[in-house]
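Structure first, commentary second.
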Amino acid sequence: MRYMVEKNFVQVLGKIWMPPTAVWRYEYPLRKYDIDNIGEFTRENVEQWLAANAGDFSQIIDFYATVGDKEIPWAKEDSESRYCDILFPEEDE
């Protein structure tokens, strides 16, 4: 028997409030309520949703979002690697 698990989320890379120069990352899980509030799954609609729901950030640099089989890729080429670098920092040798 196989089970399919659908994981809907938005990964955000942005500047946090304190200290205001620090760049951080966060993954917002999307519930059905959130998806309904986003409306049509476009970059502009997700940006508007983040403006109202991502209060952890003073500035959003970039984001990646996925709902079902639809995805909105990172807008900037280096954003995914910056997100991963924060998630998995290099250890000092």
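Summary of values
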read-out	value
Unique match (being touching a Lys or Arg at 6+ places or on another chain (Cβ under 9 Å), over 24 Å from residue 18 (Cβ atoms) and either among the small types (Gly, Ala, Ser) or surrounded by 16 or more Cβ atoms within 10 Å (Cβ to Cβ) (or both)) among 61, 72	72
All positions within region 68-90 that are within 12 Å of the chain's Cα centre (by Cα), part of a strand (DSSP E or B) and over 13 Å from residue 12 (Cβ atoms)	71
Every pair of residues 6+ apart whose Cβ atoms lie under 8 Å, when the first sits in region 71-84 and is more than 22 Å from residue 40 (Cα to Cα) and among the acidic types (Asp, Glu) while the second is modelled with pLDDT of 95 or more and not in a helix (DSSP H, G or I)	80/64; 80/74
Number of the condition not met by residue 50 [criteria: (1) under 10 Å from the mean Cα position of the chain (by Cα); (2) closer than 17 Å to residue 31 by Cα; (3) part of a loop (DSSP other than H, G, I, E, B)]	(3)
Counted residues, region 28-55 - those being of a type outside the set (Ser, Thr, Tyr) and exposed (fewer than 13 other Cβ atoms within 10 Å of the Cβ)	11
Filter result (in a strand (DSSP E or B) and either touching a residue at least 60 places away in the same chain (Cβ under 8 Å) or more than 18 Å from residue 62 (Cβ to Cβ) (or both)) within region 2-44	11, 13, 23, 24, 25, 29
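The values are calculated or read from the model by the stated rules, or taken from the named source; none is laboratory data. This one's a predicted model, so the numbers in the text were calculated from it and none came from an experiment. Glycine also receives a Cβ, built like all others from the backbone with ideal geometry; neighbour counts cover every protein chain displayed.
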